[in-house]
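The values are calculated or read from the model by the stated rules, or taken from the named source; none is laboratory data. Note that the coordinates shown come from a computational prediction; the quantities given were computed from them, not determined experimentally. Virtual Cβ from ideal backbone geometry, glycine too; neighbours counted across all protein chains shown. Accessible surface areas use protein heavy atoms only, side chains included; no ligands, DNA or RNA. Shrake-Rupley method; radii C 1.70, N 1.55, O 1.52, S 1.80 Å.
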Amino acid sequence: MKLYYSPGACSLSPHIVLRESGLKFEPVLASTKTHKLQDGTDYYTINPKGYVPLLELDNGERLSEGPAIVQYIADQVPAKKLAPAAGTMARYRLQEWLNFITSELHKSFSPLFNPAMPEEAKALYRTRLGDRFKWVNEQLEGKQYLMGDTFTVADPYLFTVAGWGKHVGVDISGLPHLSAFMARVAARPAVQEAMKAEGLIK
Ligand SMILES: N[C@@H](CCC(=O)N[C@@H](CS)C(=O)NCC(=O)O)C(=O)O
């Protein structure tokens, strides 16, 4: 498999999941700034949406959309318990988290990275994200991970987007349960490996 990624972007989430899964894959750099691969290939010819992440399967089929990609990976290695079994209530709870992270958190960050977005609008998104993170912090009280004691594919997604806060003025340092979660996820060997591979840490 190939994972198209850009350093520190939302593709860090499936990158971590792939390393947690133990499956073989090749990370392929597709910069979100240039939309070009390192060999000059126009990334739009690979993913017409222009987005990372994109997972290319061994049969050449391509899967986009982070929440779908991470569930696909989890389902290849059920013994790793990266997602509850399909059809169970717990799986819907996982999907509830993935959808919340993608629609309420991830996409509220996007305007903060957009230089064309007026500062007044950015302030509204910062407030909105601050409220959402307060709620997430409450949900994490007494839990190791979003789904309880077990690490699932929702966790690296929250870890990835919450990690953007420090770059765009969304301060989560006063939220104790979320801060403890961030440290817990960061300490996982697969997370360290993925971050090193993307040049985010030494
Ligand atoms: N709906 C997509 C969104 C992915 C997305 O927003 N990717 C960003 C990086 S975090 C990107 O590739 N941006 C480049 C662009 O906008 O062209 C998903 O959930 O996977």
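Suppose we filter Ala83, Ala79 for residues that are more than 16 Å from the ligand (Cβ to nearest atom), surrounded by fewer than 15 Cβ atoms within 10 Å (Cβ to Cβ) and of a type outside the set (Val, Ile, Thr); which single one remains?
Details: Ala83 fails: surrounded by fewer than 15 Cβ atoms within 10 Å (Cβ to Cβ).
Within the list Ala83, Ala79, the selection yields Ala79.
The set of residues from the stretch 11-34 being under 23 Å from Lys80 (Cβ atoms) and either of a type in the set (Val, Ile, Thr) or open to solvent by less than 20 Å² (accessible area, probe 1.4 Å) (or both) comprises Ser11, Leu12, Ser13, Pro14, His15, Ile16, Val17, Leu18, Ser21. Within the stretch 163-190, the set of residues being outside any helix (DSSP H, G or I) and on the phi < 0 side of the Ramachandran plot comprises Gly163, Trp164, Val170, Asp171, Ile172, Ser173, Gly174, Leu175, Ala187, Arg188.
Taking the stretch 15-31, which residues are of a type in the set (D, E, K, R), in contact (Cβ under 8 Å) with a residue 24 or more places away in the chain and within 21 Å of Ile46 (Cα to Cα)? Can you show your working first?
In the first step, residues of the stretch 15-31 are kept if they are of a type in the set (D, E, K, R); the result is 19-20, 24, 26.
So of that shortlist, the ones also in contact (Cβ under 8 Å) with a residue 24 or more places away in the chain come out as 19-20, 26.
Selection gives Glu26 alone.
Being outside any helix (DSSP H, G or I) and touching a Cys at 6+ places or on another chain (Cβ under 7 Å), is that true of even one residue in the stretch 53-60? Within the stretch 53-60, one or more residues are outside any helix (DSSP H, G or I) and touching a Cys at 6+ places or on another chain (Cβ under 7 Å).
For the stretch 131-142, taking the residues that are more than 19 Å from the chain's Cα centre (by Cα) and outside any helix (DSSP H, G or I), the one that is surrounded by the most Cβ atoms within 10 Å (Cβ to Cβ) is identified as Glu141. Any idea how many residues of the stretch 86-130 are open to solvent by 80 Å² or more (accessible area, probe 1.4 Å), more than 16 Å from the ligand (Cβ to nearest atom) and out of contact with any helix residue (DSSP H, G or I) (no Cβ under 8 Å at 6 or more places or on another chain)? Of the residues in that region, 7 qualify. Contact annotation: residue pairs with Cβ atoms under 6 Å, 6 or more positions apart or on different chains, pairing a residue in the stretch 91-106 that is assigned to a helix (DSSP H, G or I) with a partner that is polar (S, T, N, Q) and buried (at least 16 other Cβ atoms within 10 Å of the Cβ), are Leu94/Thr152.
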